[in-house]
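Visitor: This is the structure I want to talk about, given as structure tokens.
The values are calculated or read from the model by the stated rules, or taken from the named source; none is laboratory data. Because the structure is a prediction, the values reported are computed rather than measured. Glycine gets a Cβ as well: all are built from the backbone with ideal geometry, and neighbour counts include every protein chain shown. These accessible areas exclude ligands, DNA and RNA; they are computed on the full protein's heavy atoms, side chains included. Shrake-Rupley method; radii C 1.70, N 1.55, O 1.52, S 1.80 Å.
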Amino acid sequence: MRQDQRPYWVKKNYLRFRSWYTQHFLKPACDFLGDYPTFMKPWYISISGPNIEIGHCATVIGEPENRVKIGVWGNDEHSGRIKIGDYVLISPGTRISAANEIIIGDSVMIANGVYITDSDWHQMYDRASRSTDFAPVHIANNVWLGDRSTVLKGVTIGENSVVAACAVVSRDVPANVVVAGNPAVVVKELDVTRPMKTRADYFADPEGQAKFFDGVDKMVLQKNGFLRWLRILVKPSTKD
């Protein structure tokens, strides 16, 4: 299907159901979930464990073959925590797993398949036993984690820095740099004199933004017919 053929009212009801699912099933799994969350396909998003906070205007995208998994497994039922800031983007396939502490700042962008962990999880010489080797992970504001990158225990990533696709971050990353490779090393420095536009700017007026996109949907989808949409679901053609 090249275009969204849903009638406007069908998409509107779908978005209402998506919002209800988020509030009914995922918000209670968090100690805090901020206002204006956008959880796309939230039935493919898993949040488990204690002490999980997600800030305002979070965008989290689940897919059936790439679930998002955010979980705390501390040494006891009350320990360990994950704190995710405002305006964060979490893409399909992301896993954030904490035994101790993972803190993610505002406007962080997490691409597909990223793994963030603060623990080794299994002991080296007794692999049936849980590892006690863990250390906090701190990711500062406006960091961009590229596709399938990995952030390991004890790492701090500085503000605005970019982690390249498939990089493995095993040591601290300073602010305003690009790192790549395994283990990740600095390959470029950002120009700090250039203005930086962040997701915080994009979500400065979330209510106004929602009204704008609703207006776009109404304009684009209002002529779509229900019966034609049903036909396309069952028997799409190259003209659809």
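Visitor: Using Cα atoms only, what is the angle between the long axis of helix 206-221 and the major principal axis of the chain, expressed in degrees (0 to 90) to the nearest 10?
Guide: Once rounded, one gets 40 degrees.
Visitor: Which percent, nearest 5, of DSSP beta bridges in the range 90-165 are antiparallel? Intermediate values should be presented prior to the final figure.
Guide: Working: 2 of 17 bridges.
Expressed as a percentage, antiparallel bridges in the range 90-165 total about 10.
Visitor: Expressed as a whole number of Å, what is the distance separating the alpha-carbon centroids of the range 171-218 and the range 21-67?
Guide: If you average the Cα positions of each part, the centres end up 21 Å apart.
Visitor: In a Gaussian network model over the chain where Cα atoms closer than 10 Å are linked, find which of V162, V185, V216 has the largest mean-square fluctuation.
Guide: Maximum among the listed residues: V216.
Visitor: While we're looking at this one, here's another question. If you roll a 1.4 Å probe over the range 88-240 with all protein chains in place, what percent of the accessible area is carbon or sulfur? List each step's numbers first, then the result.
Guide: On the way: 4940 of 8720 Å².
It is 57 percent, rounded to a whole number.
Visitor: Now a separate question. Run through the DSSP bridge list for the chain and note the antiparallel percent, rounded to the nearest 5.
Guide: Working: 7 of 50 bridges.
Taking every DSSP beta bridge with both residues in the chain, the antiparallel ones total about 15 percent.
Visitor: Using a 1.4 Å probe, what is the accessible area per residue for the chain, in Å²?
Guide: That works out to 56 Å² per residue.
Visitor: Taking 22 Å as R0, compute the FRET efficiency from the Cβ-Cβ separation of R127 and K69 and round it to 0.05. Mind dumping the intermediate values first?
Guide: Numbers: r = 22 Å, r/R0 = 0.98.
Given R0 = 22 Å and the Cβ-Cβ separation, E is 0.55.
Visitor: What list of ³J(HN,Hα) values in whole Hz, one per residue of the range 22-38 in order, does the Karplus curve 6.51 cos²θ - 1.76 cosθ + 1.60 (θ = phi - 60°) give from phi, with Gly and Pro shown as x?
Guide: These are the phi-based 3J(HN,Hα) values: 4, 5, 7, 10, 8, 4, x, 7, 9, 6, 8, 10, x, 6, 6, x, 10 Hz.
Visitor: I need the shape label for the range 30-202. Rule: rounded when a/c is under 1.5, else prolate if a/b > b/c, else oblate, with a, b, c from the alpha carbon gyration tensor.
Guide: oblate
Visitor: Of K69/K235; K153/K197; K69/K211; K211/K235; K83/K197; K41/K218, which ones are farther than 26 Å apart at the Cα?
Guide: Over 26 Å apart, Cα to Cα: K69/K235; K153/K197; K69/K211; K211/K235.
Visitor: Under the rule of -39500 (n - 2.57) per DSSP H run of 4 or more residues, summed and divided by the residues of the chain, what mean residue ellipticity at 222 nm is obtained, to the nearest 500 deg cm²/dmol?
Guide: Taken over the chain, the calculation gives -5500 deg cm²/dmol.
Visitor: Select from R127, R95, R67 the residue whose mean-square fluctuation is largest in a Gaussian network model of the chain (Cα-Cα springs shorter than 10 Å).
Guide: R127
Visitor: Measuring from a point 7 Å past the Cα of A135 along Cα-to-C-beta, which residues in the range 163-177 have an amide N at less than 15 Å?
Guide: Hits in the range 163-177 for A135 at 15 Å: 169-174.
Visitor: In nanometres, what is the gap between the two model label sites at R231 and R194, each 7 Å from Cα along Cα-to-Cβ?
Guide: Once both label points are built, they end up 5.0 nm from each other.
Visitor: Quickly work out the E159-to-Q3 label distance, labels modelled 7 Å from Cα along the C-beta direction, and quote it in nm with one decimal.
Guide: Calculated label separation equals 4.5 nm.
Visitor: On to the next question. Describe numerically, in nm with one decimal, the distance between label points set 7 Å from Cα along Cα→Cβ at D76 and at S48.
Guide: 2.2
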